[in-house]
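Readers should treat all values here as calculations from the given coordinates under stated rules, not as data from a laboratory. Note that this is a predicted model, so its numbers are computed, not measured. Cβ coordinates were reconstructed from backbone atoms using ideal geometry, including for glycine residues, and neighbour counts include every protein chain displayed.
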Amino acid sequence: MTQHLDTIANLYTAFGKGDIPAVLAALAPDIHWTEAEGFPYGGTYIGRDAILQNVFIKLGSEWDGYSAVSHELIGSGDTVIALGEYSGSYKATGKSFKAPFVHVWRFTDGSIGSFTQHTDTAVVLRAMS
C-alpha cells in the first residue's frame, strides 16, 4: 500500500513540475482515464497518447498556471483516493478558478490502471465563459 501512495504522491509532484513524461510513464499503457461529465475535457480516454492529446496538451495550451495539488492521500488495497484542489486561469477569458477535487486511482499489476475525476465542473466552466 505504501508503494501505491508513494507512486501517486510522486505523480502529483511530477505534474506540478510540468514533467508530463514522468506522469505518463507511471500509467499503464492501456489505462482508462475518466474526466468528469461536464468538465471541459469530459469523457473516458484509453491509453497514454489519448490522455496526452485530449487532456494534458489542452490543459497546457488553454490555461495559465493550471495545477492539481493533492492535500491528502487515502489508500486501501489497490486504490488510492486523492483529495485536493485545482486552480488556473483560462487564457481566452483571463478568468481564474479554484475547485476541490477527488481523484480515484486504481492499480492493476503494479501500475496505474484507471483514473476517475470528481470535481465541481461548474466552477471550471465559469472561468471559461
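Answer yes if at least one residue in region 56-68 is surrounded by 17 or more Cβ atoms within 10 Å (Cβ to Cβ), touching a strand residue (DSSP E or B) at 6+ places or on another chain (Cβ under 8 Å) and either over 19 Å from Thr119 (Cα atoms) or among the charged types (D, E, K, R) (or both), and no otherwise. Scanning region 56-68, I find no residue that is surrounded by 17 or more Cβ atoms within 10 Å (Cβ to Cβ), touching a strand residue (DSSP E or B) at 6+ places or on another chain (Cβ under 8 Å) and either over 19 Å from Thr119 (Cα atoms) or among the charged types (D, E, K, R) (or both), so the answer is no.
Annotation note: of Gly77, Gly38, Gly84, Gly88, the sole residue that is surrounded by fewer than 17 Cβ atoms within 10 Å (Cβ to Cβ) and closer than 27 Å to Ser129 by Cβ is Gly38. Can you spot a residue in region 40-53 that is touching a residue at least 60 places away in the same chain (Cβ under 8 Å) and farther than 21 Å from Asp6 by Cα? Yes, that holds for at least one residue.
Selection of first residues in region 96-113 that are farther than 17 Å from Asp6 by Cα and of second residues that are among the hydrophobic types (A, V, I, L, M, F, W, C) and crowded, with 18+ Cβ neighbours inside 10 Å, restricted to Cβ pairs under 8 Å at least 6 apart or on distinct chains, gives the following pairs, ordered by first then second residue: Ser96/Ala127; Phe97/Val124; Phe97/Ala127; Ala99/Val124; Phe101/Ala68; Phe101/Ala82; Val102/Ala82.
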